[in-house]
Amino acid sequence: MEKNELIKQIDGNQVMDSRDVAKMISKTHAHLMRDIARYINDMEMDPKLDSSKFFVESSYVDNLNREKPCYLLTKQGCEFVANKLTGKKGTIFTATYVGLFNKYQEEHNRQLEKPSYMIEDDIKRAERWIEERKAYEKAKVKADYFDVQMLNPGLMTITEIAKDYGWSARTMNGYLHDKGVIFKKGKSWVLYQKYADQGYAQYEPFAYDDNKGVHNNLKWTQKGKKFIYDLLKEDNVHPVLERMDLLEG
């Protein structure tokens, strides 16, 4: 068995079978199983500790087709076992398991750089395909946002733009004011001179009190909306459609 085959990816965690660990530290598997069961029992006495981050209950089928128990050890679990060893045996095991986990991570990273169709291993090819699909969905959401929103012709109110972010018009105007983009002049928001001639917005007259008074409404062009988008992006603020936590929820 190749050394890098000792590490497996289970539910997103890199683990090592307790049978392999037992061979590496020159213990019988039954002896190691007994020790791990004791470690888990000790950890369960402290509610702040989660034994599953170290040891995961599992099973295997032996040569007589019988299901037998085993444990899967994470890197933390291997470290825990190593700390219980003394002298040269502990040093050798530590160096070995660290090397194995690091090698697996390097190989995993290289696999992620390959397109799925180039990966021969069925499991790794499937894992890579899932990663590709996630990347595609993220890119598609961003593309949909630009296609539907950024390329939509016509002027937009700040209320419409703010809605994309789950904000109110007041919050968005406050943000742009804090950024030195707009300021309040009477009842109207006005662009600072620095941005006045950039084609970001236009003013539309709005009558009030039965046409007894008029003030100018600031409305944004698509160029202006893109400017706001870039400004918010610099502060790591994204439209609702682009928020990855919603995609993965």
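The values are calculated or read from the model by the stated rules, or taken from the named source; none is laboratory data. Quick caveat: nothing in here was measured; it's all calculated off a predicted structure. When we count neighbours, we look across all protein chains shown, and the Cβ atoms used for this are built from the backbone with ideal geometry, even at glycine. To get the accessible areas, we keep the full protein, side chains included, count just its heavy atoms, and leave off ligands, DNA and RNA. Shrake-Rupley method; radii C 1.70, N 1.55, O 1.52, S 1.80 Å.
Checking Q149 against (1) surrounded by fewer than 14 Cβ atoms within 10 Å (Cβ to Cβ); (2) modelled with pLDDT under 70; (3) within 16 Å of W220 (Cα to Cα), only one condition comes out false. Which one? The single condition Q149 does not satisfy is (1).
Entry remark, the range 207-240: residues being modelled with pLDDT of 85 or more and open to solvent by 40 Å² or more (accessible area, probe 1.4 Å) number 9 in total. When I36, I10 are checked against the criterion of being more than 25 Å from T91 (Cβ to Cβ) and hydrophobic (A, V, I, L, M, F, W, C), a single residue qualifies: I10. Elements of the type strands (runs of 3 or more DSSP E) sitting completely within the range 1-93 and holding at least 1 residues that are open to solvent by less than 70 Å² (accessible area, probe 1.4 Å) and aromatic (F, W, Y): these cover 55-61, 67-73.
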